[in-house]
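Note sheet for the following structure.
The values are calculated or read from the model by the stated rules, or taken from the named source; none is laboratory data. These figures come from a predicted structure and were not determined experimentally. Cβ placement follows ideal geometry from the backbone for every residue including glycine, while neighbour counts extend to all protein chains displayed.
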Amino acid sequence: MLNYIQILQLVSFATLMSVGQILFKKTALSMSSNEALSLFDGIIKAISIPWLYLALCVYGIATVFWLYLLQRIPLNLAYPFSALAMVIVPILAMFLFGERISASYWIGLVLILSGIIIIGQ
């Protein structure tokens, strides 16, 4: 069974991963142009966008934090909390980028949260 500190740490990890995804989306939006970019041109353009470096830093911090967590929490208990990113990212995208969320998403959100609660007990 997980204690409250461990749950908070796992939620913090999922939040870090979610922030990284939002920053990657911000990078992609900053790359947008009217023409399709080749892979090489896309890479060149991406490395000129500061959001990419921030996203990579956040992911790096999240990875080190994940290693810290796995030293203290069994993987079979910790890993399901990574699914929280599937809850957090679309909600952030809705508010930050105006993306629409379907009714089936909300049903899935309830199922994901239910599963995490059951596993975390």
Practice prompt. Quickly run through region 92-121 and pick out the residues that are at pLDDT 95 or above and surrounded by 16 or more Cβ atoms within 10 Å (Cβ to Cβ).
Written response: 92, 93
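Being closer than 27 Å to residue 120 by Cα and in contact (Cβ under 8 Å) with a residue 24 or more places away in the chain, is that true of even one residue in region 36-54? Break it down stepwise before answering.
Kept after step one, since they are closer than 27 Å to residue 120 by Cα, are these residues of region 36-54: none.
No, that holds for no residue.
If I filter region 1-41 down to residues being of a type in the set (Ser, Thr, Tyr) and at pLDDT 90 or above, which single residue comes out as surrounded by the fewest Cβ atoms within 10 Å (Cβ to Cβ)?
As a first pass, look at region 1-41 and keep what is of a type in the set (Ser, Thr, Tyr): 4, 12, 15, 18, 27, 30, 32-33, 38.
When the remaining residues are screened for being at pLDDT 90 or above, the result is 4, 12, 15, 18, 27, 30.
Working: 4: 7, 12: 14, 15: 15, 18: 22, 27: 20, 30: 14.
Ranking the qualifying residues of region 1-41, first place goes to 4.
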Worksheet item: For region 1-86, which fully contained helices (runs of 4 or more DSSP H) count at least 3 residues that are touching a Gly at 6+ places or on another chain (Cβ under 9 Å)?
Response: 4-31, 50-72
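Report, by residue number, each residue of region 55-82 that is without any contact (Cβ under 8 Å) to a residue 60 or more places away in the chain, among the small types (Gly, Ala, Ser) and under 30 Å from residue 3 (Cβ atoms). Show your work before the answer.
As a first pass, look at region 55-82 and keep what is without any contact (Cβ under 8 Å) to a residue 60 or more places away in the chain: 55-68, 70-71, 74-76, 79-80.
Next cut, among the small types (Gly, Ala, Ser) only: 55, 60, 62.
The answer is 60, 62.
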Worksheet item: So is residue 27 among the polar types (S, T, N, Q) and in contact with a Phe, Trp or Tyr (Cβ under 7 Å, 6 or more places away or on another chain) or not?
Response: yes
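For the subset of region 42-56 comprising residues that are small (Gly, Ala, Ser) and more than 22 Å from residue 98 (Cα to Cα), which member is modelled with the lowest pLDDT? Before you say what the answer is, go through the steps one by one.
So the first thing to find is which residues in region 42-56 are small (Gly, Ala, Ser), and the list is 42, 46, 48, 55.
Now narrow it down to the ones that are more than 22 Å from residue 98 (Cα to Cα): 42, 46, 48.
Numbers: 42: 86, 46: 91, 48: 93.
Among those residues, the one meeting the criterion is 42.
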